[in-house]
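Since the structure comes first, as structure tokens, the remarks are kept for the end.
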Amino acid sequence: MILPIFVQGETILGTFKTIRDGVVFTNKRIIAINIQGLTGKKKDFTSLPYSKIQAFSIESAGVFDLDSELELWFSGLGKVRLEFVSNANVSEIARIISSFVL
């Protein structure tokens, strides 16, 4: 479904499920997929380029708080917050982002 919006040479590095939505990390950007409506047929794809990330924060799941969180600060956009299901590998997410930001 997202492959038609890829640019030449863009490849998927990882995919993660958020509470209802999804996030795809490519070698060029992060694509946040927001499923809208009750049926989920309508989807919003937001392209977030690594080159605009100024900082990021990852919070792992806890005992009572079962989801992991990723906060990204983008120049010209502000803060974007994504929540992942508890079994998301936040270390892998941090590694992917760090390899492009640092």
Find how much the distance from Arg81 to Thr39 grows on full extension, using 0.36 nm per residue of separation minus their present alpha carbon separation; answer in nm with one decimal. 12.8 nm
Under 21 Å Cα to Cα from Lys17, which lysines show up? Leave out anything in the same chain fewer than 8 places away. Lys28, Lys41, Lys42, Lys43, Lys79
Stretched fully, the stretch from Ser91 through Arg20 gains (0.36 nm per residue minus C-alpha distance, one decimal, in nm) 23.5 nm
Top positive-direction residue, dipole computed over the chain with Cβ charges, set Ala94, Leu13, Leu3: Leu3
Contour excess over end-to-end distance, with Cα ends at Ser47 and Met1 and 0.36 nm allotted per residue: 15.1 nm
Can you tell me the dipole magnitude for segment 3-101 around its Cα centre, using point charges on the Cβ only (Lys, Arg +1; Asp, Glu -1), in Debye to the nearest 20? 420
Along Cα→Cβ, 7 Å out, is where each label goes; now give me the distance between the ones at Asn27 and Ile12 in nm to one decimal. 1.6
Would you calculate the separation in nanometres between label points at Trp73 and Leu102, each defined as 7 Å from the Cα along the Cα-to-beta-carbon direction? 1.8
Name the residues whose placed amide hydrogens come within less than 5 Å of the amide hydrogen of Ile12, ignoring near sequence neighbours (fewer than 5 apart) on the same chain. none
So what are the radius of gyration and Dmax for the Cα set of the chain, in Å? 13.5, 43
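Where a number appears in this text, it was derived from the coordinates with a stated rule and is not lab data. It should be emphasised that the depicted structure is a prediction, and the values quoted were computed from it without experimental measurement. Reconstructed Cβ throughout: ideal geometry from the backbone, glycine too, with neighbour counts over all protein chains shown.
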